[in-house]
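See structure below.
Please treat every number below as a calculation from the coordinates, not as lab data. In this text the structure is predicted, and so the values were computed from the model without any measurement. Please note: Cβ atoms are built from the backbone with ideal geometry, for glycine as well, and neighbour counts cover all protein chains shown.
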Amino acid sequence: MEHRLGIVGAGVSGLTCGVLFAEHGYRTAIFAKETGRQTTSGAAAALWFPYDAESAEKVIPWALHTYKVLVDLICHRADSPRRAKISHSGVSMIELRQFSRTGEIQIPDWAIPLGASVIPTVTTFKTGFKLNVPLMDTTIYLDYLANRFIEAGGEVNADVHLEKLEDVSPAFNLVINCAGIGARELVQDIALEPHRGQVAIVPKVDNLSCAIVCDDPPLMYAIPRARDCVFGGTNEISDNLDVDAAATPRIIDECSRALKIENPLALAERVGLRPFRKSGVRLERDRLRDGRTVIHNYGHGGSGFTLSWGCAEKVFKIAHSATAAQRR
């Protein structure tokens with residue numbers, strides 16, 4: 001029996017799962033309302049760091065697996081001729097400086113083996129630590145994943161509106177649910193809540209070679225990319241995707257004050273809804289009402305990129321086990 005796989009969602013979770021399955025020979029198609037930079041992933045700063053996702057005992061192993069895969073991409077470790085043909089991934093290493101305004105910051109236990117260390121006190125903040133982490137430039141990385149998926153034989157179907165998972169064509173006998181915040185309606189998951197994030201894209205900041213992050217209110221981060229810089233941000237429970245005109249100057253002012261620069265002009269503004277799940281990331285096998293197997297992979301909060309490869313690997317193992325059982 002040939003297994004055809006349908007993935008719902010074309011954000012980083014859906015694309016990463018698509019790449020993994022397609023490169024392992026599954027006939028795979030993605031179905032999504034939005035694709036590429038239109039998705040929540042397209043509005044993300046996409047700095048590797050576990051943030052706004054539960055629970056830690058599950059999240060950290062998935063994050064560390066993703067870290068290793070991203071480092072391999074940077075090192076150009078192509079393990080197949082097909083992968084070697086694919087263009088630059090848009091992933092690079094950057095020094096992350098994580099600060100606190102209010103008190104002594106604790107270096108997470110998992111960060112110490114990765115080389116995290118305390119940094120001296122600076123005027124704007126009280127304490128902080130630094131750590132080299134992967135940074136995914138979403139203007140490049142999402143296209144990289146999509147191209148890699150198509151190169152492996154995958155198919156992307158955009159502008160697809162699904163009211164329930166059973167609406168995926170019955171030609172696909174295995175469904176992967178990577179719908180992000182859309183899972184609230186698709187599977188009626190009341191544990192999902194939208195954590196709204198707004199960012200401002202500004203011109204490159206001179207002499208800024210590291211990412212600056214402070215989670216204390218007000219949330220602040222400045223993340224330099226190849227062609228611009230991402231200033232953020234917000235984290236509020238809201239499903240409003242409209243740009244808040246009053247938030248942008250606040251974001252730019254806070255970041256500029258921390259960086260000790262004059263306020264730059266905003267080139268663009270982006271809003272995304274982090275799919276935070278109060279009961280934790282949902283990654284499990286289930287069954288649709290029509291009897292087909294579905295594997296849920298959503299609720300990653302602000303850690304979609306950070307967990308992407310680790311969660312995709314777990315999804316693949318669950319699917320492989322399910323298909324093997326059907327063959328017996």
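For the chain, the antiparallel share of DSSP beta bridges with both residues in that region comes to about 70%. Using a cutoff of 8 angstrom between alpha carbon atoms and counting only pairs six or more residues apart, the relative contact order for segment 4-327 works out to 27 percent. Remark on CYS229: its backbone amide H falls under 5 Å from those of VAL202, LYS204, a criterion applied only to residues 5 or more positions apart or on other chains, H modelled at 1.01 Å from N. The label-point distance for THR102 and LYS260, in a model that sets each label 7 Å from Cα toward Cβ, rounds to 2.6 nm. With both labels modelled 7 Å from their Cα along Cα-to-Cβ, the ILE150 to GLN188 distance reads 3.8 nm. Backbone amide hydrogens, once placed in the peptide plane, bring VAL160 within less than 5 Å of ALA32, LYS33, excluding anything fewer than 5 places away on its chain.
State which entries of LYS130/LYS278; LYS68/LYS317; LYS130/LYS204; LYS33/LYS164; LYS58/LYS317; LYS130/LYS317 exceed 24 angstrom in Cα-Cα distance in the structure shown.
Details: LYS130/LYS278 29 Å; LYS68/LYS317 18 Å; LYS130/LYS204 21 Å; LYS33/LYS164 13 Å; LYS58/LYS317 16 Å; LYS130/LYS317 34 Å.
In this structure, LYS130/LYS278; LYS130/LYS317 exceed 24 Å between Cα atoms.
In segment 4-327, taking the dipole from charged Cβ atoms about the Cα centre, the farthest positive-side position among CYS210, ALA53, THR66 is held by THR66. Annotation: average projected area of the chain is 16.7 square nanometres, based on the convex hull of Cα atoms across all directions.
I need the shape label for segment 57-195. Rule: rounded when a/c is under 1.5, else prolate if a/b > b/c, else oblate, with a, b, c from the alpha carbon gyration tensor. Cα axes put segment 57-195 in the oblate bin. Once both labels are positioned 7 Å from their Cα atoms along Cα-to-Cβ, the gap between ALA322 and THR121 label points is 5.4 nm. Taking segment 90-126 and a reference point 7 angstrom along Cα→Cβ of LEU267, the backbone N atoms nearer than 18 Å belong to 90-92.
Pairs of Cα atoms in segment 139-214 fall into 5 Å distance bins, from 0 up to the last occupied one, in shares of 3, 9, 13, 16, 16, 15, 12, 8, 5, 2, 1 percent.
Can you sort ARG287, ARG257, ARG282 by how many other beta carbons sit within 10 Å, fewest first?
Details: ARG287 9, ARG257 12, ARG282 20.
Ordered by Cβ neighbours within 10 Å, fewest first: ARG287, ARG257, ARG282.
To the nearest 10 degrees, how steep is helix 138-151 against the longest Cα principal axis of the chain, on a 0 to 90 scale? Tilt of helix 138-151: around 20 degrees. The Cα center of segment 284-326 and the Cα center of segment 185-237 differ in position by 27 Å. Estimated from the Cβ-Cβ distance and a Förster radius of 25 angstrom, the FRET efficiency linking ASN173 and ALA226 is about 0.05.
Residues ASP143, ASP137 in ascending order of nearby Cβ atoms (within 10 Å, fewest first): ASP143, ASP137.
In plain terms, the chain from VAL71 to ASP286 could stretch by 74.2 nm, reckoned as 0.36 nm per residue minus the Cα-Cα distance. Loop-located GluC sites (Glu not before Pro) in segment 1-73 (DSSP state other than H, G, I, E, B) with a sparse environment of at most 12 neighbouring Cβ atoms within 10 Å: GLU2. Taking the number of Cβ atoms within 10 Å of each Cβ as an exposure proxy, the fewest-first ranking of ARG285, ARG225 is ARG285, ARG225.
Taking Cα atoms only, the orientation of helix 12-23 departs from the longest principal axis of the chain by about 40 degrees.
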